[in-house]
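**Student:** Handing you a structure now.
Read-outs: derived from the displayed coordinates by stated rules, not from any lab. Keep in mind that this is a model prediction, so the values were computed, not measured. Neighbour counts are summed over all protein chains in view; Cβ atoms, including those assigned to glycine, are modelled from backbone coordinates with ideal geometry.
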Amino acid sequence: MSDVSVAMDSAGRYWSTHPSLSGDFLEKFDGTADEVVLIARQGTDAGATTPLPEGTRVLPLPAAGRRQGYRGVLKLARSVLSCRFEAADTVFVRIPELLGFLFWMRTKFSPAHVVANVVAEAGSWFPQGSKHPLVSRALSTTLESFSRVVVRRSDAVVYVTQESLQRRYGTRAPALAMTNARLPESWLTVDPAPISPSLRHLITVGHLNGGVKGIDILLRAFSAVVRRGLPDATLTIVGAGDPEVFLEMAQQLGVADRVRFTGEITDRRKLLELLRSHDLFVLASRSEGLPRAMIEAMCLGLPSIGSRVGGVEELVGRRWSFDKEDDVALAALLLSAEPHEGRVALSQQQLARARAIIAQAQGAPLANFFQSLKE
């Protein structure tokens with residue numbers, strides 16, 4: 001199941017509200033069971049831009065979010081409790097997500113097996129950049145502890161990273177490291193983008209709402225870079241959500257004329273063309289798993305840097321990562337990426353790393369893992 005909501009169009013086909021829930025995601029379950037059922041919250045067609053494969057079997061549940069409040073959560077919980085599982089069933093839950101936690105608890109009171117898919121740090125629910133930092137910190141600590149319990153008591157665990165999330169949420173159960181960012185095998189032969197002699201155009205990709213992607217951190221670092229050494233720099237921000245608060249912030253920082261918000265780009269070809277036209281990919285997230293957007297950028301040969309959260313450091317290396325929330329360190333890192341020779345070497349290293357991750361996800365690693373659990 002997934003916390004990403006789905007909507008049905010007039011033709012009876014389901015669409016998801018986030019690229020993370022797509023045909024690529026569902027494809028990894030091929031060969032794992034006689035039947036695969038996707039359990040997701042039912043939303044509206046507003047924002048549902050990613051089509052699910054025709055014939056996908058979906059069990060829709062009530063929406064539960066800020067608009068629905070606690071009543072929506074209670075309604076969702078009742079729907080989860082009404083689900084019945086048999087001993088032959090395996091429930092695959094994404095952690096940390098509300099629906100994942102609810103179904104994990106429901107499964108523990110059933111004869112079914114539960115597999116925890118650890119996709120990010122628990123802090124992604126309550127980012128430090130929220131309006132109530134003390135409350136967010138307390139909730140994050142609680143959720144962090146509960147996430148560790150969930151992982152330890154699951155029958156098996158699938159991590160999206162190779163090491164990072166494993167260290168944070170350890171288990172003695174059978175475990176598999178497999179990215180959710182399944183890209184076509186054709187990505188292994190994509191021609192890398194040329195490296196510009198000068199560092200001018202920066203780009204990031206991520207949802208604007210919730211504070212998780214650290215757009216505020218990136219804007220502060222970008223304004224410092226413009227003042228200190230890259231006066232001609234520009235910043236492109238791609239992602240769904242309301243940019244108003246960040247437009248106001250960019251205005252206050254004096255860089256509004258250098259920052260462009262494109263909104264969500266659902267056409268992958270257009271997004272890749274846009275990435276190719278930039279000089280550096282930057283991810284200032286407060287929480288991550290193994291970010292698909294960064295893997296795509298690296299696979300294009302676009303040098304990338306990011307915060308030390310989730311599996312980001314595994315992707316870019318220690319040298320090209322910075323402590324989360326530290327806009328001063330990010331600014332210094334951006335300035336250090338200006339020399340052309342360094343970005344060429346970085347591009348080559350990260351290209352090889354991204355291709356290795358894509359190659360690892362080919363075939364049927366999840367089906368093979370499930371088969372090993374039966375033996």
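**Student:** Residues 245, 212: which one is surrounded by fewer than 16 Cβ atoms within 10 Å (Cβ to Cβ) and at negative phi?
**Tutor:** 245
**Student:** Considering each residue of the range 268-307, count those that are out of contact with any helix residue (DSSP H, G or I) (no Cβ under 9 Å at 6 or more places or on another chain) and either buried (at least 24 other Cβ atoms within 10 Å of the Cβ) or outside any helix (DSSP H, G or I) (or both), and give that number.
**Tutor:** Qualifying residue count for the region: 1.
**Student:** Select from the range 286-314 the residues that are in contact with a strand residue (DSSP E or B) (Cβ under 7 Å, 6 or more places away or on another chain) and either closer than 26 Å to residue 232 by Cβ or of a type in the set (A, V, I, L, M, F, W, C) (or both) and list them in ascending order.
**Tutor:** 293, 294, 297, 298, 302, 303, 304, 305, 306, 307, 312
**Student:** Counting just the residues of the range 279-330 that are within 22 Å of residue 197 (Cβ to Cβ) and small (Gly, Ala, Ser), which one comes out farthest from the chain's Cα centre (by Cα)?
**Tutor:** 301
**Student:** Evaluate the following for residue 335: is it within 20 Å of residue 203 (Cα to Cα) and among the aliphatic types (A, V, I, L, M)?
**Tutor:** yes
**Student:** Considering only residues of the range 248-278 that are of a type in the set (D, E, K, R) and closer than 23 Å to residue 195 by Cβ, which is farthest from the chain's Cα centre (by Cα)?
**Tutor:** Out of the qualifying residues, it is 258.
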